[in-house]
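Below you'll find the structure, written out as structure tokens, and then a few comments.
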Amino acid sequence: MIVRAPAYLAAILVLAAMKALKHLLCILALAASCIAQDIKLKMPLKGTAGKDFFIDYFVDHDTTDGTLDVFCGTKTYNGHQGTDFLLRSYKSMDSGVYVYAAADGRVFETKDGMYDRSKHWLSGGLGNHVGIIHKNSICTWYGHMMKYSILVKIGDSVKVGQPIGKVGSSGYSSYPHLHFEVRDKDRHIIDPFSGHCSAGSPSYWVSQPPYDTSLFVINTGFVPYKPGLDTLQEGYLVSDTFSITKDTVVCFWALMHGMRKGNVLRAEWYTPDNNLYFHASWNWNFNWWHDYTWATLNMPKTKGRWAILFYVNDKFVASRHFYEVKRRD
């Protein structure tokens, strides 16, 4: 007993020490996690998501040829390394939409002077952009900004919410948007969003906006020609009044959110007497979350207030009126 008692007590002490060490390691791990999360980000654009701007492409978490966003959905594209904040239109871009620093930091990289009205994915990377380094060496990049809009230079200290430039479509871009990218000190991609597919990683946002996959209409209108994507994006000759004697077609367009491949679209045109004049259906063959569709009608010869009703998968989503006159006012 005299020999075994010290061994027994030693075992107890060892177990106690192991528990204390385990507890200490947990505390250190928690502290490390807190350090990693010591930065919190505010939205780089002002306004409301889904109204003033649209968060339509997140970081791609799939390492193969597939796609997987942080919420286990498909609001991303293969290899995407940031978050895209899209504007309503080039008209919105031209109004001057400021980009704001998401946290306090120091500017370490800028580029300006590149063409800022790209409508096709060609080349140019982030285009006109700003890079900011924050505490714990976390970096944020703000890409595709408007030409000559950069308001900071390398070495500048910036405060959260400070304007640093304006949204554009420069570099590898097909629409006015801000590409927002976050990386750690080793330049590994950080997804600032927390979701079902982020393995419990906390959100980096002060207030994380909702994840929205719903189908809705962003905007609608008419133009007096058979359009292409470029002309619709620029908003050429948008009007609700048409001339029977001068115009040959009336085209209804809709900028949509949440369209999916396989959707069936239908447009119904109604006369001023509220009679169905013509209808057309077509299939949607793309999985872009933010895109235009349109329907064209040869100009009728009846003056008055016409209407169009627009459906997706037999669900009514929009209506709009146009007017026919003998000549333009």
Looking at Ser174, Ser198, Ser194, Ser149, can you tell me which residue is closer than 22 Å to Leu229 by Cα, part of a loop (DSSP other than H, G, I, E, B) and among the polar types (S, T, N, Q)?
Ser174
Could you grab me the full set of residues in segment 270-298 that are among the hydrophobic types (A, V, I, L, M, F, W, C) and in contact (Cβ under 8 Å) with a residue 60 or more places away in the chain?
Trp289, Trp294
In segment 63-101, what count of residues is obtained for those that are more than 23 Å from Val160 (Cβ to Cβ), assigned to a loop (DSSP other than H, G, I, E, B) and of a type in the set (Gly, Ala, Ser)?
5
Are any of the residues in segment 82-94 touching a residue at least 40 places away in the same chain (Cβ under 8 Å), of a type in the set (Phe, Trp, Tyr) and assigned by TED's automatic domain parsing to the domain that holds Val158?
yes
Considering only strands (runs of 3 or more DSSP E) fully contained in segment 258-304, which possess at least 1 residues that are of a type in the set (Lys, Arg)?
264-270
Residue match in segment 162-174 (condition: closer than 23 Å to Lys40 by Cα, under 17 Å from the mean Cα position of the chain (by Cα) and surrounded by fewer than 20 Cβ atoms within 10 Å (Cβ to Cβ)):
no
Condition (residue is buried (at least 18 other Cβ atoms within 10 Å of the Cβ), not small (Gly, Ala, Ser) and not assigned by TED's automatic domain parsing to the domain that holds Thr76) applied to segment 296-306: is it met by at least one residue?
yes
Within segment 99-123, which residues are among the aromatic types (Phe, Trp, Tyr) and in contact with a Leu (Cβ under 8 Å, 6 or more places away or on another chain)?
Tyr100
Which of the residues belonging to segment 105-127 are over 18 Å from the mean Cα position of the chain (by Cα), in a strand (DSSP E or B) and not β-branched (Val, Ile, Thr)?
Gly105, Arg106, Phe108, Glu109, Lys111
Pairs with Cβ under 7 Å, 6+ apart, first in segment 205-229 and closer than 14 Å to Asp240 by Cα, second acidic (Asp, Glu) and outside any loop (DSSP other than H, G, I, E, B):
none
Restricting to segment 62-79, and then to whatever is in contact with a His (Cβ under 9 Å, 6 or more places away or on another chain) and free of Cβ contacts under 8 Å to residues at least 60 places away in the same chain, can you tell me which residue is farthest from Cys139 (Cα to Cα)?
Thr67
Have a look at Ser194, Ser137 and point out the one that is surrounded by fewer than 21 Cβ atoms within 10 Å (Cβ to Cβ), among the hydroxyl-bearing types (Ser, Thr, Tyr) and within 29 Å of Gly73 (Cβ to Cβ).
Ser194
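The values are calculated or read from the model by the stated rules, or taken from the named source; none is laboratory data. Not measured: the values here are computed from a predicted model. Cβ atoms come from the backbone with ideal geometry, glycine included; neighbour counts cover every protein chain shown.
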